[in-house]
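These notes are about the structure you will find just below.
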Amino acid sequence: NVANTARDELRFDGRITEDVTAGYVMGNVRVGRLDVLAGIRVEDTEVSSRGVRQEITPAEKARRAAWVGTVTQEELRRRTVAEWSNLRFDKGDYRNVLPSVHFKYSLFANVITRLSYSTGLGRPNFSNLLLTTAVNNENLTIVAANPDLRPQTVDNFDFAVEYYFEPAGYLSFGLFRKEIKDFIFSSRGESVGAGPNNGFDGQYEGYIVTMDANGGYANLNGFELSYNQRFTFLPGIWKGLGF
């Protein structure tokens with residue numbers, strides 16, 4: 001199949017590079033019954049992407065309309081190459097600062113309380129970043145990837161009380177809150193602006209764009225109850241059982 005072979009050879013010729021440079025510091029201190037562990041991590045991420053831009057330009061549309069007779073295999077290949085051979089290059093970068101601090105306090109020899117704050121992120125998938133672009137000059141629409149996508153981030157708050165009992169077991173109760181923001185979702189309705197820095201080398205002014213974007217937030221609250229005990233009082237190999 002000439003058209004499919006030529007098309008797939010071009011549209012899958014994509015490349016994406018993600019470079020992450022990171023550093024962190026951490027330390028801990030003990031004051032009586034209190035242990036404190038704290039740290040911070042800083043990440044700089046640079047993304048570069050190359051992908052095909054599918055487009056039937058007005059000139060190509062006119063050339064096809066002027067064709068007379070049966071479309072030959074050579075002409076079919078030429079049309080496919082003309083539609084799928086336009087490459088798009090772009091770059092993006094972002095920085096994340098990820099602090100954390102954890103407190104552990106021994107109320108008694110067998111009762112421990114914990115309080116912590118931590119941060120995390122979920123990077124965009126490469127499929128979200130690969131610059132495969134489809135341009136429709138009749139409907140004035142573009143479906144494109146977004147190289148400036150940022151990760152989804154979360155702030156975690158946790159509190160727990162743990163009770164340890166003999167001979168081998170514990171009971172714990174915890175509360176948590178997760179604050180998630182910058183979800184990755186498909187956004188449609190923005191129009192391409194004017195000028196050379198409009199994201200498309202100055203082309204497609206006024207076209208409506210569909211692409212992934214960051215936005216929104218959600219808060220999750222909950223509790224955790226945990227019980228663990230080893231049945232060490234059982235005879236023989238059964239003492240290895242636990243619940």
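The values are calculated or read from the model by the stated rules, or taken from the named source; none is laboratory data. No experiment lies behind these values; they were computed from the predicted model shown. So basically every Cβ, Gly included, is an ideal-geometry build from the backbone, and we count neighbours across all protein chains shown. SASA here: full protein model, heavy atoms, side chains in, ligands and nucleic acids out. Shrake-Rupley method; radii C 1.70, N 1.55, O 1.52, S 1.80 Å.
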Legend entry - Label selected from (i) 1.22; (ii) 1.15; (iii) 0.98, the criterion being Rg/Rh (Cα atoms, Kirkwood Rh) as computed here: (i)
Legend entry - Solvent-accessible surface (1.4 angstrom probe) belonging to R230, in square angstrom, nearest 10: 110 Å²
Legend entry - Distance between the stretch 149-192 and the stretch 197-243 - C-alpha centres, whole angstrom: 7 Å
Inset, instruction - Would you tell me the accessible area of M211, worked out with a 1.4 angstrom probe on the heavy atoms of the protein chains, in Å² to the nearest 10? - result: 50 Å²
Legend entry - Cβ-placed point charges (K, R +1; D, E -1), dipole of the stretch 105-243 about Cα centre in debye, nearest 20: 660 debye
Inset, instruction - With only Lys, Arg, Asp and Glu charged, each at its Cβ (+1 for the first two, -1 for the last two), find how big the charge dipole of the chain is about the Cα centre; round to the nearest 20 debye. - result: 500 debye
Inset, instruction - For K104, list the aspartates and glutamates whose Cα falls under 18 Å from its own Cα; do not include residues on the same chain fewer than 8 positions away. - result: D35, D158, E162, E224
Inset, instruction - Towards the positive end of the charge dipole of the stretch 54-115, with charges on Cβ (+1 Lys, Arg; -1 Asp, Glu), say which of G92, A109, Q54 has the farthest Cα. - result: A109
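Dipole magnitude of the stretch 127-190 about its Cα centre, charges +1 at Lys/Arg Cβ and -1 at Asp/Glu Cβ only, in debye to the nearest 20?
Its charge dipole is roughly 180 debye.
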Inset, instruction - Of the options W67, N28, T132, report the single residue whose Cα projects farthest towards the positive end of the charge dipole of the chain (beta-carbon charges: Lys, Arg +1; Asp, Glu -1). - result: N28
Inset, instruction - Quick one: accessible surface of V42, probe radius 1.4 Å, all protein chains present, in square angstrom to the nearest 10. - result: 60 Å²
Inset, instruction - Please give every one of the aspartates and glutamates within straight-line cross-link reach of K61, meaning a C-alpha to C-alpha distance under 12 Å, and leave out same-chain neighbours fewer than 8 residues apart. - result: E83, E138
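How large is the accessible surface per residue of the chain, computed with a 1.4 Å probe and reported in Å² as a whole number?
Numbers: 15360 Å² over 243 residues.
Normalised by residue count, the accessible surface of the chain is 63 Å².
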Inset, instruction - Would you work out what percent of the accessible area of the chain, with all protein chains in place, is carbon or sulfur (probe 1.4 Å)? - result: 55 percent
